[in-house]
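Remarks on the structure that follows.
The values are calculated or read from the model by the stated rules, or taken from the named source; none is laboratory data. Because the structure is a prediction, the values reported are computed rather than measured. Cβ placement follows ideal geometry from the backbone for every residue including glycine, while neighbour counts extend to all protein chains displayed. Accessible surface is based on the protein model in full, side chains and every heavy atom, while ligands, DNA and RNA are left aside. Shrake-Rupley method; radii C 1.70, N 1.55, O 1.52, S 1.80 Å.
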Amino acid sequence: MKFAELAKYLQKLEGTAGRNDMTVILAEMFAKCDPEEARLIAYMTQGKLGPAYKSPDFGVADKSMLKALGPEAKIIFDKVGDLGLVIEKLKSQMTNDKSNSNIKIQEVYKKLWEIAETKGTGSQEIKQKLIADLISDLDPGGAKYAVKMILGKLRTGFSDMTVLDSLSWMLVGSKKLKSQIENMYNVRADLGEIARQIKQHRQPKQLNPEMGTPILMARCERAKTPQDIWERNGQCALEYKLDGLRIQAHIK
């Protein structure tokens, strides 16, 4: 899939409020990509480069982004207050724009990783150069959403659960398989990997825990009264609840 096409889906999602409508849009998007693209898209549509436990921070603030976008950016930013809109407007006004609307998602993802992984002395200047190079390659819509991803301001408005809904919808046109797909996610809490598996096998499958990948903690439903607990579970015991941390040890 081309990054320009992903940007169009992000535009649709940005203007959609209902979760069911978002589910259908996401299902349509996943249906059009291959397994590896699905993995990357699952991350990128939420402004990440990996699962929550392994996604680097770009370390780019508005001030640094303004420098990367050029001297005219500050004037427009003072009016619109959104750097994604700023670069979209600037790119649309260019008469000699050499952007490539055919650039693939994988290429953009690789460049975003390079930006995020640049650290140390002089890293901000290097990041600004890398951002400028990436922006020059993208069409106005693609540039807009690349900037939003880098700044951590991609507001798509859906959660991991909506993505799992959409993978079921992609397969059977409903959320019927959601619980099976969610079981996969509970064991392998990597949304991109779940999307890749579903695209590759065209159905939910049993996954085993993987070293270094968190297993989601079981969550129980709230009860209104103690009587509800007894009626739901039968004979049971109680103990005081102590606050603390939930920790998983992955030992190889």
If you count, for each residue, the other Cβ atoms within 10 Å and average over each peptide, how do 143-151, 197-205, 184-192, 14-22 line up from highest to lowest? 143-151, 184-192, 197-205, 14-22
Heavy-atom accessible surface of segment 1-158: percent carbon and sulfur, 1.4 Å: 52 percent
Wrap a convex hull around the Cα atoms of the chain, take a quarter of its surface area, and give that in square nanometres. 18.3 nm²
Of L138, L207, S166, which is farthest on the positive side of the dipole of segment 115-219, counting Cα position, with +1 on Lys and Arg Cβ, -1 on Asp and Glu Cβ, and the Cα centre as origin? S166
With every protein chain kept in place and ligands, DNA and RNA left out, what is the accessible area per residue of the chain? Probe 1.4 Å, answer in Å². 58 Å²
All-pairs alpha carbon distance profile, segment 1-71, 10 Å steps from 0, percent: 17, 39, 33, 11, 0
Any number yet on Rg/Rh for segment 182-245, C-alpha, Kirkwood? 1.15
Taking Rh as the Kirkwood radius, which is the inverse of the mean 1/r over Cα pairs, what is the Rg/Rh value for segment 1-124? 0.98
S101-K63 pseudo-label distance in nm [points 7 Å out on the Cα-to-Cβ vector]: 3.8 nm
Using alpha-carbon pairs under 8 Å, 6+ residues apart, how would you state the relative contact order of segment 74-214 in percent? 20 percent
Counting only protein heavy atoms, what percent of the accessible surface of segment 181-252 is carbon or sulfur at a 1.4 Å probe? 49 percent
For segment 124-134, what does the Karplus curve 6.51 cos²θ - 1.76 cosθ + 1.60, with θ = phi - 60°, yield as ³J(HN,Hα) per residue in whole Hz, taken in order and with x for Gly and Pro? 5, 5, 5, 4, 4, 5, 5, 5, 4, 5, 5
With D82 itself left out, Lys, Arg at +1 and Asp, Glu at -1 over residues whose Cβ is under 11 Å from its Cβ give +4
For segment 50-186, size of Cβ-based charge dipole, Lys and Arg +1, Asp and Glu -1, in debye: 120 debye
Please compute, for the alpha-carbon atoms of segment 108-252, the extent along each of the three principal axes and give them in descending order in Å. 65, 42, 36
In nm, what is the difference between 0.36 nm times the number of residues separating S159 and I215 and their Cα-Cα distance? 18.4 nm
Value of relative contact order over the chain, rounded to a whole percent, pairs C-alpha under 8 Å and six or more apart: 27 percent
Using θ = phi - 60° and the Karplus form 6.51 cos²θ - 1.76 cosθ + 1.60, what ³J(HN,Hα) does each residue of segment 37-48 get, whole Hz, x for Gly and Pro? 5, 4, 4, 5, 5, 4, 6, 5, 5, 10, x, 10
